[in-house]
Each structure stands twice: as structure tokens, then as C-alpha cells.
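*Asks:* Below are the C-alpha cells for one structure; questions will follow.
The values are calculated or read from the model by the stated rules, or taken from the named source; none is laboratory data. This is a predicted model, so every value here is computed, not measured. Using ideal geometry, Cβ is built from the backbone for each residue, glycine included, and neighbour counts are taken over all protein chains shown.
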Amino acid sequence: MPELPEVETVRRGLAPVLTGKRIVRVQQRRPDLRFPLPDRFAERVAGRRIAALTRRAKYLVADFDGGETLVMHLGMSGRFTIAQPDAHDRVPGDFTHDTGADRKHDHVVFHTGDGATVTYNDPRRFGFMVMIPTVDFESHPLIRSLGPEPLGNSLNAAYLATRAQGRTADLKAFLMDQRNVAGLGNIYVCEALHWAGLSPKRAARCLVKKTGAPTERTERLVAAIRDVLSAAIDAGGSSLRDYRQADGALGYFQHSFSVYGRETEPCKRPGCRGTVRRIVQSGRSTFLCSGCQR
């Protein structure tokens, strides 16, 4: 399932084509995805201008003039493709490539006033789209319990220490809890913990001193989270399994994974002679190096 870097990569690909543009027509080719599509979906979107295209955690967020916001989740296999009438006029961020996905899974097509089409394709239909009043965005059940964005200023060592105080859950479970940090998933939690040199099996309370102050581990972890996500976004996401960028290209961060998917391979940390191994935590694969993650 796409994590924060993949969703941010898709947002950056879509933004030049959608931000400030008016949606003149919507083709809704089925009544539902994971959940039913919004009532009168095509009617409510047609004629509206997208004032902003942002991201919250793993959600794409389109704010329309008129006071409604479309929240979109890509699920396991959702992807957007963009077609424009004059491919010769494209610039970085204006994508016209085909993902090769079966067109029978093109479920929603947005047509903009300048002739571009943005198509949502989702073979497994685990994605969804929800329309909510913009004024209710922060209080909506999908959003209200989310923790801070990991690349924003709200995620810092003091905050993480406060959340970790007295917590016996392991570090991996703690970081994947969206109420603590928004947008992190299995891949980038494994990577961040390795970059920070912390074992995913440690109790989360290791991040806070008895005084309530953050430990040195907490400072390392916050820095590692920021660095690994920034590197992944710069490289275009992980592109594991069904994920593709909005231009249909593969991302390249997967080739830089330190531990994820590298079971039995040598650790990449300079000076470490350890080997990456896989364990199972809460039914999910965790990759780590016992040599340098303590």
C-alpha cells in the first residue's frame, strides 16, 4: 500500500495539471470503490475549480471552490494517469505516459477545462473517495485522530517523548500508529529505525527519560524519519508491487533500501558486519540488522 512518499510523489505529479483548474466533467463508471462513491459525485464536482491539491498522511486532498473537499486514498493498487491534448507542450510535472493498466479498471475520469484528463484506475478497488464540507475537514473521522506530519515542525523530539511516555508497545508498532505520526507505514518505519540504529523490538518508552525529557535516541529517530522520507520523495517513492508515479514511471528509492526486503544480505551501514534479517511483528514483516540496531 502506498505510504507517504508515494502519495506525495503522486500529488506532485498531479498538482500542475489540477491546481487552479476547473473540472468540467466527471465520468463515474461504477457506483463504488472500497466504499460507495459520494452521492451525486459527478454532479457535485462538475463545474468546480480545484483551489488546492494537498496531502494529509496517506490521503490526497482536493479543496474545491464552493466549500467541499475531496479526500482520496489509493488503497493497494490505485493510480492516476494524466493525458493532455498536446504532448509536445509538456514540462516536468505534466505527464502523458500510460501506466499499462487494464482500462476496464478506469473507474473515475476527471476532465479539466483546458482539455486534460485525469483517470483513476484501481484493479483491486481498495481505494476510496469521500466528499466532505471543507469546514469539517479537521474534525472528520478520517482526519481528526491523525498525528503530526513527519516532515512538519510539529514532529520533534519533545512531542515524540510525550507520546512515548509509559508506552510498552514496541517502537515499530508505536511509529505505525497513525495517532502518533501520520503517514508512516511498514517500509519507511523499517528504514527509519535502521537509519537511527534502533531495534524495532525496543519498547517505545525508551524514547523518554524518567524526567519526561526526550532521550538521545529520540533525537536520532526524528532526524532519521525526516531523512528517509525526504530521500524517498526525492527518488520518487518505492514503487513496490502496483505503485507507479503519475507519469507511469517507476520510482527508484527501492534500490536504496537499507534493510527492507534485503533479508540475508549484508548491512549497508559503514563499519557494520551484520546481516539483514526478517522477523514478524503484529503479522507484518520487519527487516533489521541486529548488528547495529540496538
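*Asks:* With among the small types (G, A, S) and either buried (at least 16 other Cβ atoms within 10 Å of the Cβ) or modelled with pLDDT of 85 or more (or both) as the only criterion, which of G93, G100, G66 stands out?
*Replies:* G66
*Asks:* Quick check: is even one residue across the range 227-249 modelled with pLDDT of 95 or more and in contact with an Asp or Glu (Cβ under 9 Å, 6 or more places away or on another chain)?
*Replies:* Looking through the range 227-249, at least one residue is modelled with pLDDT of 95 or more and in contact with an Asp or Glu (Cβ under 9 Å, 6 or more places away or on another chain).
*Asks:* While we're on this one: Could you list all residues from the range 257-275 that are buried (at least 19 other Cβ atoms within 10 Å of the Cβ) and either at positive phi or among the small types (G, A, S) (or both)?
*Replies:* Once the filter is applied, which keeps residues that are buried (at least 19 other Cβ atoms within 10 Å of the Cβ) and either at positive phi or among the small types (G, A, S) (or both), the range 257-275 yields only S258.
*Asks:* Can I ask one more? If you go through the range 16-37 one residue at a time, how many are aliphatic (A, V, I, L, M), within 17 Å of G115 (Cα to Cα) and at pLDDT 95 or above?
*Replies:* Residues in the range 16-37 being aliphatic (A, V, I, L, M), within 17 Å of G115 (Cα to Cα) and at pLDDT 95 or above: 4 in total.
*Asks:* For the subset of the range 68-84 comprising residues that are closer than 13 Å to D106 by Cβ and outside any loop (DSSP other than H, G, I, E, B), which member is farthest from the chain's Cα centre (by Cα)?
*Replies:* A83
*Asks:* Kindly provide the set of residues from the range 151-180 that are under 30 Å from F110 (Cβ atoms) and in contact with a Lys or Arg (Cβ under 7 Å, 6 or more places away or on another chain), ordered by number.
*Replies:* Within the range 151-180, the subset under 30 Å from F110 (Cβ atoms) is 151-152, 178.
Result: L151, single match.
*Asks:* Do we find that E216 is within 29 Å of R262 (Cα to Cα), surrounded by fewer than 15 Cβ atoms within 10 Å (Cβ to Cβ) and not assigned by TED's automatic domain parsing to the domain that holds V45 in this structure?
*Replies:* Taking the combined requirement at face value, the residue satisfies it.
A quick yes/no check of all residues on (1) under 25 Å from L288 (Cβ atoms); (2) in contact (Cβ under 8 Å) with a residue 12 or more places away in the chain; (3) not in a loop (DSSP other than H, G, I, E, B):
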site	(1), (2), (3)
R124	no, yes, no
E138	no, no, no
L142	no, yes, no
S154	no, no, no
S199	yes, yes, no
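*Asks:* Contact list please: Cβ distance under 9 Å, first residue in the range 30-55 and at positive phi, second residue in a loop (DSSP other than H, G, I, E, B) and surrounded by fewer than 16 Cβ atoms within 10 Å (Cβ to Cβ), pairs at least six apart or on different chains.
*Replies:* So the pair list comes out as G47/G66.
*Asks:* For the range 156-180, enumerate the residues that are in contact (Cβ under 8 Å) with a residue 12 or more places away in the chain and among the aromatic types (F, W, Y).
*Replies:* F174
*Asks:* Conditions: (1) farther than 30 Å from Q293 by Cα; (2) surrounded by fewer than 21 Cβ atoms within 10 Å (Cβ to Cβ). V108 meets all but one. Number of the miss?
*Replies:* Unmet condition: (2).
*Asks:* Are any of the residues in the range 191-210 within 30 Å of T69 (Cα to Cα) and of a type outside the set (D, E, K, R)?
*Replies:* Looking for residues that are within 30 Å of T69 (Cα to Cα) and of a type outside the set (D, E, K, R), one finds none in the range 191-210, hence no.
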